[in-house]
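Scroll down for the structure; my scribbles are underneath it.
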Amino acid sequence: MTAQLNPCGDVAVLVPAAGAGVRLGPGRPKALRLLAGEPLLVHAVRRLAEAPSVHSIVVAAPVAEVAAVGELLAPIAPVTVVPGGAERQASVAAALAAVPAGPGIVLVHDAARALTPPALVESVAAAVRAGHDAVIPVLPVVDTIKEVDADEKVLGTVDRAALRAVQTPQGFRRAVLAAAHAAAADALTDDAGLVEKLGVPVHCVPGSEHALKITRPFDLALAEHLLATGR
Ligand code: CTP
Ligand code: MG
């Protein structure tokens, strides 16, 4: 059954899903790879649609898959599908251009973080609503981190206490994200990085282990296990 999005919601979610998934190994574009029998993108969009603040969802799909992705997602939720770009940043920009009038908050969420709980969508949106122009979900770094040179020689140990691993969805006041993309010069892997370049403060909220990014085969196996065990 197709989920209803909230016509009174104040949040649009952009879902860059146009990547190849090179690190996952040969196969279809990553967003269309199966996790427990369903494409990663279906898992991701289903969870976004369950978040009560979400008014609209715009997916940036691989160029050759735009029609197929539209058909795939139609039974899940009402989504707009646009062709993605060569870099993630271009895919986000394409999706941003298709956001309808209305929502004042825009979240950017990787399709590859397929198991992200709706509660994380809500907590990021709530922090933007509370007055932060840019919000990122983060986790503490658990490993000791070394800086190395090109020969793998250790240059030093970084203070882990001051480091955070960054997830999505990242949330922005709409005008701030639009300005950041309009001003973008270099391709970055994260939208908060573009906002930082504008000098806008970025606020951290607690992330979720379930928002892990499925990047390598091990991540896919972990996600299968989490789904199978209901965790
Ligand atoms: N993405 C995108 N357009 C691109 C590249 C990436 O929309 N040109 C999306 C991916 O589909 C993914 C998210 O950005 O949902 C995060 O990227 P990543 O995990 O790196 O996915 P891929 O680029 O597909 O993987 P890889 O780098 O291993 O090829
Ligand atoms: Mg990539």
Checklist outcome for this item: Semi-axes in Å, largest first, for the chain (Cα gyration tensor, √(5λ)) are 26, 22, 18
Item to check | Share, in percent, of DSSP beta bridges within the chain that are antiparallel, nearest 5 | outcome: 45
Checklist entry - If you add up the charges near V166, with Lys and Arg at +1 and Asp and Glu at -1, over every other residue whose beta carbon is less than 13 angstrom from its beta carbon, what do you get? => result -1
Checklist entry - Whole-Å semi-axes of segment 168-231's equivalent ellipsoid, largest first, each the root of 5 times a Cα gyration tensor eigenvalue? => result 31, 14, 9
Checklist outcome for this item: Using eta = 0.890 mPa s and T = 25 °C, Stokes-Einstein with Kirkwood Rh from Cα pairs puts D for segment 31-152, in µm² s⁻¹, at 153
Checklist outcome for this item: With N residues in segment 94-231, Rg(alpha-carbon) / (2.2 N^0.38 Å) equals 1.17
Checklist entry - Dipole size in debye (nearest 20) for the chain around its Cα centre, Lys and Arg Cβ +1, Asp and Glu Cβ -1? => result 300
Next on the checklist: Please enumerate, by chain and number, the lysines with C-alpha under 24 Å from the C-alpha of K146, excluding those fewer than 8 residues away in the same chain.
Outcome noted: K213
Item to check | If the convex hull is drawn through the Cα atoms of segment 1-95, its volume per residue in Å³ | outcome: 94
Checklist entry - Given charges of +1 on the Cβ of Lys and Arg and -1 on the Cβ of Asp and Glu, with all other atoms neutral, how large is the dipole of segment 104-231 about its Cα centre, in debye to the nearest 20? => result 440
Next on the checklist: If you wrap a convex hull around the alpha carbons of segment 1-52, what volume per residue comes out, as a whole number of Å³?
Outcome noted: 93
Next on the checklist: Considering only protein heavy atoms and a probe of 1.4 Å, how much of the accessible area of segment 33-162 is carbon and sulfur, as a whole percent?
Outcome noted: 58
Item to check | Per residue value of the accessible surface for the chain (all protein chains in place, 1.4 Å probe), Å² | outcome: 48
Checklist entry - So what are the three principal axis dimensions of segment 112-163 from its Cα atoms, in whole Å, longest to shortest? => result 45, 26, 18
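The values are calculated or read from the model by the stated rules, or taken from the named source; none is laboratory data. No experiment lies behind these values; they were computed from the predicted model shown. All Cβ positions, even for glycine, are placed from backbone atoms using ideal geometry, and neighbour counts span all protein chains on display. In case anyone asks, the SASA skips ligands and DNA or RNA and just uses the protein heavy atoms, side chains included. Shrake-Rupley method; radii C 1.70, N 1.55, O 1.52, S 1.80 Å.
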